[in-house]
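Peer 1: Dropping a structure here in structure tokens format, bear with me for questions.
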Amino acid sequence: MDDIAVNVNGKSRPLAGAPAHTTALDWLRSTGLSGAKEGCAEGECGACAVMLATPTPEGGSAWTPVNSCLVPVYALNGQEIVTAEGLGSPGALHPVQEKLAEAGGSQCGYCTPGFVCSMAGEYYRDGREAVAEGAVDDGCPVHDAEHGPNGFDLHALSGNLCRCTGYRPIRDAAYALGAPESDDPLQQRLGAPAPIPVATAATVDDSRFIRRASLDETLRLLRDEPDALLVAGSTDWGVEVNIRGSRAPLVVAIEHHEELRTLVVGDDEIEIGAALALSEIESRLGGAVPLLAQLFPQFASRLIRNRGTIGGNLGTGSPIGDTPPALLALGARVVLASADGEREVDLAEYFTGYRQSVRRADELIRAIRIPLPLAKVTSFQKIAKRRFDDISSVAVAFALDIEGGSVVAAKIGLGGVAATPLRARATEEALVGQPWTIATVRAASEVLGSEGTPMSDHRASSEYRALMLNTALLKLYSTTVLDNKEVSA
Ligand SMILES: Cc1cc2nc3c(=O)[nH]c(=O)nc-3n(C[C@H](O)[C@H](O)[C@H](O)COP(=O)(O)OP(=O)(O)OC[C@H]3O[C@@H](n4cnc5c(N)ncnc54)[C@H](O)[C@@H]3O)c2cc1C
Ligand code: FES
Ligand code: FES
């Protein structure tokens, strides 16, 4: 326990017996670093944002902003973080703080430490200036529209809320940022590797947090202690802890295992490691899977995507999770690992009931495999109350192959219309073999509108959900006609 410590703003600080469920935010503030604030404690406001040194595929580091209110502090053992206090001081402001002050981007200041950490993460992002010059196309039309003249991606701030200043001065500050100086210590730090997560075993008040060095050790632990709760990015679990008061006697951290951090584009399939954060997948795929490229900007905020994983999105088993409909349409398979070896399950067979799956307690999701080639016509439609940073009321993902004017293959994934994500099998059957015409689409839309068993809740009524299903295929059809994709190849 004595060796357990976090490097904060360049200085090692021992964790010294913090309870196992302590969040990084609560711990930071208990050490006197009260810059990061608690606004919501559930990942919605970004007042708690700090920067975490994370590994890049090239072997260097990135300063990745994360919500410290959701991360268990023991997950940061041996890691490096920078808080608003570490960026600058009143007498020596960091460029981000300086620009924010000049633009009048802070009034009460409660949100400001979180904003400066999110802005600093983007300030130091490798490739930001290339985007400014138009040299990089990440495949996302939303992103292209929201880059500043300096390449600053405004979506970097999508997880930060400000109650009193208004966003225009904050945007002005972001767009006024130049490039980091070469002697900036935080810029220089990026050339060196991120710290390797260290094995951790903390027991406080009958509650344990364990990180094993190797995947084999983790799998043996799961075999011996099947009640263990896995935690990856903790963007779901952190909310459970903070808002619902959930506690687990044993939490096992898995997001560091290299076997869960693969991203391999092969001839027959793409394998995506379950513990890759959604932002990592987004940037490493670089638009190679258009359906996912459409999905990512609509998934929560940048802060959440920086930490939340694809394995966690399946592991939580929510019927309104965003990746399952897309992965169902892509025909994805789930690789489950245990001490006995691996098995592969079709995602369409994975969910068995509300938040239930075929995964055994001694198994974890190691990877997701997407078969190649990809369907040519794809679309992800998320219907939510807000366009960004909201949970789906309904999500529909289409993957169709249309040849010679007819539908030759169709996979459709649905979320929010049943106790589990599901394939719209009847609609798929109604499409395959039919000409891609408005008559086919209208007939299939009637079938689609009756798929699942949508219910009414605070997000949407069952009638609304059915109606959204009913119109989704028409929306896709209109875009294919506009794009002239209907008779391609
Ligand atoms: C503000 C906010 C907005 C959000 N918006 C969205 C959204 O728009 N769309 C959406 O789909 N979700 C959203 N979420 C939910 C969440 O961010 C995602 O579900 C995320 O993908 C979870 O990943 P994680 O690594 O953080 O999971 P964790 O919290 O670490 O784990 C979640 C669950 O999955 C299990 N688990 C984790 N990894 C594995 C694994 N490899 N194998 C087996 N089980 C595993 C854990 O045991 C736990 O039960 C949001 C959450 C917040 C707080
Ligand atoms: S306190 Fe609101 S996101 Fe962390
Ligand atoms: S300055 Fe008051 S909340 Fe942003």
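Peer 1: Run PRO14 past the list (1) within 20 Å of SER158 (Cα to Cα); (2) without any contact (Cβ under 8 Å) to a residue 40 or more places away in the chain and report the number of the one that doesn't hold.
Peer 2: Against the list (1) within 20 Å of SER158 (Cα to Cα); (2) without any contact (Cβ under 8 Å) to a residue 40 or more places away in the chain, PRO14 comes up short only on (1).
Peer 1: Can you tell me which residue in region 9-38 is nearest to ligand 2 (Cβ to nearest atom), limited to those that are under 26 Å from the mean Cα position of the chain (by Cα) and more than 20 Å from VAL204 (Cβ to Cβ)?
Peer 2: GLU38
Peer 1: Taking the options GLU98, GLU102, GLU80, name whichever one is surrounded by fewer than 24 Cβ atoms within 10 Å (Cβ to Cβ), away from ligand 3 (no atom under 16 Å from the Cβ) and touching a residue at least 24 places away in the same chain (Cβ under 8 Å).
Peer 2: GLU80
Peer 1: Any idea which of LEU314, LEU327, LEU336 is touching a Pro at 6+ places or on another chain (Cβ under 8 Å) and of a type in the set (A, V, I, L, M, F, W, C)?
Peer 2: LEU314
Peer 1: Still on this structure, I have one more. Looking at GLY413 and the list (1) touching a Gly at 6+ places or on another chain (Cβ under 8 Å); (2) surrounded by 22 or more Cβ atoms within 10 Å (Cβ to Cβ); (3) at pLDDT 95 or above, which single condition is not satisfied?
Peer 2: (1)
Peer 1: Can you tell me which residues in region 103-132 are in contact with a helix residue (DSSP H, G or I) (Cβ under 7 Å, 6 or more places away or on another chain), more than 16 Å from ligand 2 (Cβ to nearest atom) and either among the polar types (S, T, N, Q) or part of a helix (DSSP H, G or I) (or both)?
Peer 2: Of everything in region 103-132, those that are in contact with a helix residue (DSSP H, G or I) (Cβ under 7 Å, 6 or more places away or on another chain), more than 16 Å from ligand 2 (Cβ to nearest atom) and either among the polar types (S, T, N, Q) or part of a helix (DSSP H, G or I) (or both) turn out to be SER106, ALA120, GLU122, TYR123, ARG128.
Peer 1: Next up: Quick check on my filter: what residues within region 1-25 are buried (at least 19 other Cβ atoms within 10 Å of the Cβ) and modelled with pLDDT of 95 or more?
Peer 2: Across region 1-25, the qualifying residues are VAL6, VAL8, THR22, THR23, ALA24, LEU25.
Peer 1: Give region 210-243 a look and list any residue that's over 18 Å from ILE196 (Cβ atoms), modelled with pLDDT of 95 or more and over 18 Å from the mean Cα position of the chain (by Cα), or say none.
Peer 2: LEU219, ARG220, LEU221, LEU222, ARG223, ASP224, GLU225, ALA228, LEU229, VAL241, ASN242, ILE243
Peer 1: Another question about this same structure. Among the listed residues ALA395, ALA430, which satisfies the condition of being away from ligand 3 (no atom under 16 Å from the Cβ), farther than 15 Å from SER478 by Cα and at pLDDT 95 or above?
Peer 2: Within the list ALA395, ALA430, the selection yields ALA430.
Peer 1: Still on this structure: I'm trying to understand the selection: among the residues of region 378-398, which are away from ligand 1 (no atom under 16 Å from the Cβ) and either surrounded by fewer than 24 Cβ atoms within 10 Å (Cβ to Cβ) or in a loop (DSSP other than H, G, I, E, B) (or both)?
Peer 2: THR378, SER379 - these are the residues of region 378-398 that are away from ligand 1 (no atom under 16 Å from the Cβ) and either surrounded by fewer than 24 Cβ atoms within 10 Å (Cβ to Cβ) or in a loop (DSSP other than H, G, I, E, B) (or both).
Peer 1: Give PRO325, PRO373 a once-over and let me know the one that is over 19 Å from the mean Cα position of the chain (by Cα) and within 29 Å of THR56 (Cα to Cα).
Peer 2: Being over 19 Å from the mean Cα position of the chain (by Cα) and within 29 Å of THR56 (Cα to Cα) holds for just one of PRO325, PRO373, which is PRO373.
Peer 1: Sticking with this structure for a sec: Given the condition within 16 Å of ligand 1 (Cβ to nearest atom) and not hydrophobic (A, V, I, L, M, F, W, C), answer yes or no: does some residue in region 101-118 qualify?
Peer 2: yes
Peer 1: So PRO169 fits all but one of (1) surrounded by 16 or more Cβ atoms within 10 Å (Cβ to Cβ); (2) in contact with a Lys or Arg (Cβ under 9 Å, 6 or more places away or on another chain); what number is the exception?
Peer 2: Condition (2) is where PRO169 drops out.
Peer 1: Let me ask something else. Is at least one residue of region 295-309 within 11 Å of ligand 1 (Cβ to nearest atom) and in a strand (DSSP E or B)?
Peer 2: yes
Peer 1: Looking only at strands (runs of 3 or more DSSP E) that fall completely inside region 1-67, which ones have 1 or more residues that are within 16 Å of ligand 1 (Cβ to nearest atom)?
Peer 2: Hits in region 1-67: 49-55, 61-67.
Peer 1: Another question, then. Give the residues of region 315-354 that are assigned to a loop (DSSP other than H, G, I, E, B), without any contact (Cβ under 8 Å) to a residue 40 or more places away in the chain and either at positive phi or surrounded by 24 or more Cβ atoms within 10 Å (Cβ to Cβ) (or both), sorted by residue number.
Peer 2: Passing the criteria: only ALA332.
Peer 1: While we're on this one: I'd like to check something: does region 337-353 contain any residue that is more than 20 Å from ALA293 (Cα to Cα) and at pLDDT below 95?
Peer 2: Among the residues of region 337-353, at least one is more than 20 Å from ALA293 (Cα to Cα) and at pLDDT below 95, which makes the answer yes.
The values are calculated or read from the model by the stated rules, or taken from the named source; none is laboratory data. From a predicted model like this one, the values you see are computed outputs, not experimental measurements. Cβ: placed from backbone, ideal geometry, glycine included. Neighbour counts: every protein chain shown.
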